[in-house]
Amino acid sequence: MSAKAEPWQTAEVAGPRKANVITKPEIAAAMIKRAKRAIIVVGTLATDAEKDTGKMIDYTIRLSKASGVPVVATAHTARDLVKAGFQPASSMSAMDIGNRLKDPSWTGLDGKGPYDLAVFLGLPYYMEYLILSGLKHFSENLKTITLDRYYNPNASWSFPNLKVEEWNQSFETIINNFGGN
């Protein structure tokens, strides 16, 4: 895996604090395992299938089932999750879940308290960039991971810019670390 930590959008300047690069997918799996309360936020790009890859939504479902982490679907992603036989914990706009995650008084989807880890994937880069920037600057105890193919400097942890094959293998490794298939 190449560890290029350059933002995918070249004109973006994230400030002095940038995301740590996930050089091994086992790091992401360990962070998800270690989190007391984690949540997966999946966006509309997860429903798109690229050539030679499966849909990211399938990885999302497998990751959620293997790890037990609830999924918040944004945009029309909930429809595709339900079509695939998976019920997300909630469906709301990406900006809404971003605002709720930075709100220290929000008790989460189940009312059991705030989340300490949010895993993002499948959101348009520019939207995820802004949401992660808001969370980086205004959330108190939230760590963020983006599992998209491109380095996002506003997350706490991000994959570097990856080739499709490396990205798919990373998902498989993360899911296998939870004993999923």
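The values are calculated or read from the model by the stated rules, or taken from the named source; none is laboratory data. What you are looking at is a predicted structure, and each value in this text was computed from that prediction instead of being measured. Virtual Cβ from ideal backbone geometry, glycine too; neighbours counted across all protein chains shown. When the accessible area is computed, the model is the full protein with side chains, heavy atoms only, and any ligands, DNA or RNA have been set aside. Shrake-Rupley method; radii C 1.70, N 1.55, O 1.52, S 1.80 Å.
Annotations for the structure displayed:
- On the stretch given as the range 42-59, residues that are open to solvent by less than 10 Å² (accessible area, probe 1.4 Å), under 17 Å from Ala28 (Cβ atoms) and modelled with pLDDT under 95 total 1.
- Which listed residue, of Lys112, Lys102, Lys143, Lys136, is out of contact with any helix residue (DSSP H, G or I) (no Cβ under 9 Å at 6 or more places or on another chain), in contact (Cβ under 8 Å) with a residue 40 or more places away in the chain and buried (at least 16 other Cβ atoms within 10 Å of the Cβ): Lys136
Residue by residue, here is whether (1) part of a loop (DSSP other than H, G, I, E, B); (2) at positive phi; (3) among the hydrophobic types (A, V, I, L, M, F, W, C) holds:
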site: Thr60; (1), (2), (3): no, no, no
site: Ser64; (1), (2), (3): no, no, no
site: Ala75; (1), (2), (3): yes, yes, yes
site: Arg79; (1), (2), (3): no, no, no
site: Val82; (1), (2), (3): no, no, yes
site: Gly85; (1), (2), (3): yes, yes, no
site: Ile97; (1), (2), (3): no, no, yes
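- Of the listed requirements (1) polar (S, T, N, Q); (2) closer than 23 Å to Asp58 by Cα; (3) open to solvent by 20 Å² or more (accessible area, probe 1.4 Å); (4) touching a residue at least 60 places away in the same chain (Cβ under 8 Å), Asn176 misses just one: (4).
- Counting only residues that are of a type in the set (A, V, I, L, M, F, W, C), in a helix (DSSP H, G or I) and over 8 Å from Ala155 (Cα atoms), the range 131-145 holds 3 of them.
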